[in-house]
Amino acid sequence: MSLRRIIKLATGQDINTCHTCYDCDISLTGEMDIPLGSLVQLALLNDEEALHSRTLWSDSVLEASCGACKRGLDLHAVMIALREESLRRTNTET
Ligand code: SF4
């Protein structure tokens, strides 16, 4: 199942509505390897890199993601869904 579909099922949100405007950029440089908007785009491309990015696993970024999207996407919920999927895949592999 694609990451887009997994997020849709878990959060009710379609990340295809992301406009790649990058208004969600938050300044936590040391905590992030990619901007939040890029995390959403990687998930949209079904790229597993989204599941392993430092940005996804930073608790500071997770906290700051609340209300970060100016277009109505709940990025906090998207991050939680991606984290859960990453853990699920890790547990399936072992
Ligand atoms: S602000 Fe929202 S719509 Fe814009 S890039 Fe970030 S996630 Fe996508």
Compute the signed sum of charges (Lys and Arg +1, Asp and Glu -1) over the other residues within less than 15 Å, Cβ to Cβ, of Cys69.
-3
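If you roll a 1.4 Å probe over the chain with all protein chains in place, what percent of the accessible area is carbon or sulfur? Don't jump to the answer; show the numbers that get you there.
Values: 2590 of 5270 Å².
After summing per-atom areas, the C and S share lands at 49 percent.
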Spelling out what I want: for every residue of region 19-31, take phi, set θ = phi - 60°, compute 6.51 cos²θ - 1.76 cosθ + 1.60 (Karplus), and round to whole Hz; glycine and proline get x.
9, 6, 7, 6, 6, 7, 4, 10, 9, 10, 3, x, 9
Surrounding net charge for Cys21, when Lys and Arg each add one and Asp and Glu each subtract one, Cβ distance under 12 Å:
0
Per-residue ³J(HN,Hα) for region 69-84, Karplus 6.51 cos²θ - 1.76 cosθ + 1.60, θ = phi - 60°, Hz, x for Gly and Pro
7, 7, 10, x, 6, 8, 5, 4, 5, 5, 5, 4, 4, 5, 4, 5
Using Cα pairs closer than 8 Å and at least 6 residues apart in sequence, work out the relative contact order for the chain, in percent.
30 percent
Determine by what factor the alpha-carbon radius of gyration of region 3-93 differs from 2.2 N^0.38 Å, reporting the quotient.
0.97
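Cβ under 14 Å from Glu49's Cβ, Glu49 left aside: what net charge do those residues give with Lys, Arg +1 and Asp, Glu -1?
Numbers: positive: Arg54, Arg89; negative: Asp33, Asp47, Glu48, Glu85.
So the environment of Glu49 carries a net charge of -2.
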Residues of region 8-46 with backbone N under 16 Å of the label point set 7 Å from the Cα of Thr92 along Cα→Cβ are 8-10, 46
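Leaving out ligands and nucleic acids, and using a 1.4 Å probe, what accessible area per residue does the chain come to in Å²?
Working: 5270 Å² over 94 residues.
Per residue, the chain has an accessible area of 56 Å².
The values are calculated or read from the model by the stated rules, or taken from the named source; none is laboratory data. These numbers come from a predicted model, not from an experiment. Using ideal geometry, Cβ is built from the backbone for each residue, glycine included, and neighbour counts are taken over all protein chains shown. These area figures cover heavy atoms from the full protein model, side chains too; ligands, DNA and RNA do not enter into them. Shrake-Rupley method; radii C 1.70, N 1.55, O 1.52, S 1.80 Å.
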